[in-house]
Amino acid sequence: MIIPRPSLVTTHDGELELAPGSRIVAGPGAQRPADLLHSLVGAAIGLERGSDVSAATIQVVLVDQGSMPAEAYRLRVGTEQAVLEAGSVAGLCNGVQTVAQLLPATALRRSRVAGTRFALPALEIEDAPRFSWRGGHLDVSRHFMPASFLFRFVDLLAMHKLNIFHLHLTDDQGWRIAPARYPLLAEVSSWRRSTLVGRPGDPTRPVPELDGTPHGGLYDWDCLRDLVSYAAERNVTVVPEIDLPGHVQAAIAAYPELGCTSERVEVWDRWGISKHVLDISDKSLRFCTDVLAEMLEAFPSKYIHVGGDECPRDQWRESPTVQTRLASLGLGSEDALQSWFTRKLNDYLRSERRTLVGWDEILEGGPLPVGATVMSWRGESGGITAARAGFDVVMCPETPCYLDHYQSEDPDEPLAIGGLNTLEDVYAYDPVPSDLDSEAARHVLGTEFLLWSEYLPDPTAVEYMAFPRAAALAEVAWSNSQRDVVSFRIRIAAHLERLDVLGINYRPLAGPRPWQRGGTGARRRVFRA
Ligand code: TNX
């Protein structure tokens, strides 16, 4: 009943009972994953931590296994003892999640569960991930999410052996970080006056309505650092995104000189693509590297996402200073200018020994910057082009990776941005397009689900859209085995019991839950894109 499905499971007769006082013992270098196991299931069962290997019920051991694939683990459960082994702490973290899933769902309770017998079935598991990039994205700009939810989100990623938390921190509708060198980002850019009600184009609301309620929030650097280390202890890397040079209206609201016009703008209260984009000047380039410098201090991730999506050209075309710059650089088009800008960011990130990640728009207007990684969201063609050119890619096409899209055609689904990605659609996805040759296929690092939050006003809404589809994506990203939807259907039903214990507002398999709306939008879906 494990999700994602392990590579190889051999079952034996018998079981290993876990009772109050049963000990988890960590070998050298394995304390963190052993503690993680204790924090996941220790309270419900009454497990203890010990140091005497001979008295261990569960041993967590780091082994020197040069031959084991990255993040792999091996679990042997006998009737006397269980041994979890891996060649890396990351592998042990993955194995710990498997151990937790071999137990009844109530093992996940935070307090002692009386009257249940907890036992691990005797078996052997050999397991390793198919992909190194197994991501989950959360947009905290369109709707701010409380910090406590980010930690919970990490727990949920880790539970599904997802190892990348792509955190979308800035957009037109709000900045969620507070760079010291630009204090107005915290003061001005992190709040908007109002939020759109319903969805643009809704025929029942010909005049867009605003809710008149200020919305905002930000995370201080200490909080983000705590999040990063909490995630690292669970084998999750937080990859931060600052979206440039489009999707920057909130920054321009605080620092108008970053914009291309003298027009004063506010943090945006609508959804869509703002026309207010970054002026490509020395000043704005300095702004970008200054902000990135502070981000690099908080986020040790090798990968740093700088956006690059949906940057309208109108203001660049109309701006005399941008046009002068374009000409002096000898560039023939606005596309080439964005490409030049991305190369500048890439130069900076490379000088700091980081890797730039951008949306597939960074393929336009010129060669990809050296060493960049592309996230292919507008279908797979950008990813295919980049992989063939020898660049690493993450495949996350809107269909089926966007979990802000509807999960069924039931009219009672809560209002969403459009589209339809069912659980089965997500489960059937293969991140390696069949027409990639093996050389290019090696550049597919993996896949990711995305949760854009225009219509996700709070954590409850995020959970509803994320689950169970994120569990399907996790299996796509992890499991080497052929997709088996019948097996998945059986396992997901058991998995939802775990999510119940954790109090997750997932969408039931049978259909939408009665919906309590807060924040934006009407409950009723009006039409579908
Ligand atoms: C496109 S995906 C966007 C986001 C929106 C999303 C809504 C991408 C790089 N840009 O700004 O939130 O669609 O589904």
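Of note:
- With pairing defined as another cysteine C-beta under 4.7 Å, the cysteines of the chain that fail it are 93, 223, 260, 288, 311.
- Model label sites at residue 410 and residue 483, defined 7 Å from Cα along the beta-carbon direction, differ in position by 2.2 nm.
- Antiparallel %, DSSP beta bridges [both residues in the chain], to 5: 35 percent
- DSSP H segments from the chain that extend 15 Å or more along their own axis, Cα-based, with Kyte-Doolittle mean of 1.0 or above: 147-159
- Residues whose amide H falls under 5 Å from that of residue 205, counting only those 5 or more places apart or on a different chain, are absent, with hydrogens built in the peptide plane.
- Here the chain is treated as a Stokes sphere of Kirkwood radius computed over C-alpha pairs; at 37 °C and 0.692 mPa s its diffusion coefficient rounds to 136 µm²/s.
- Long-range tail of P(r) for the range 337-398 (Cα pairs > 20 Å, %): 20 percent
- Cross-link reach list, lysines versus residue 283, counting only Cα pairs under 25 Å and skipping chain neighbours closer than eight places: 275, 344
- Bridging of residue 302 to aspartates and glutamates at a Cα separation below 12 Å is possible for 352, once same-chain residues fewer than 8 apart are set aside.
- Globularity index of the range 127-243 is 1.25 (Cα radius of gyration / 2.2 N^0.38 Å, N = number of residues).
- Its Cα gyration tensor gives the range 210-319 an equivalent ellipsoid, and the semi-axes of that ellipsoid, as √(5λ) in whole Å with the largest first, are 28, 18, 13.
- Average 1/r across all pairs of distinct alpha carbons in the range 185-246, invert it, and you get the Kirkwood radius: 15.0 Å.
- One equal scatterer on each Cα of the range 1-139, no solvent, Debye formula: the resulting log10 I(q)/I(0) at q = 0.11 Å⁻¹ is -0.37.
- Rounded to whole Å, sorted largest first: equivalent-ellipsoid semi-axes of the range 442-513, Cα gyration tensor: 22, 18, 9
- Lys/Arg +1, Asp/Glu -1 at C-beta; the chain dipole; positive extreme among 150, 185, 45: 45
- Helix-derived mean residue ellipticity, 222 nm - over the chain, DSSP H n ≥ 4, -39500 (n - 2.57), to 500: -8500 deg cm²/dmol
- Contact order normalised by residue count of the chain, Cα under 8 Å, 6+ apart, percent: 15 percent
Since every read-out is calculated from the coordinates, none of them should be taken as a lab result. Everything numeric in this text was worked out from a predicted model, so none of it was measured. With ideal geometry, Cβ positions are generated from the backbone for all residues, glycine too; neighbour counts draw on all protein chains shown.
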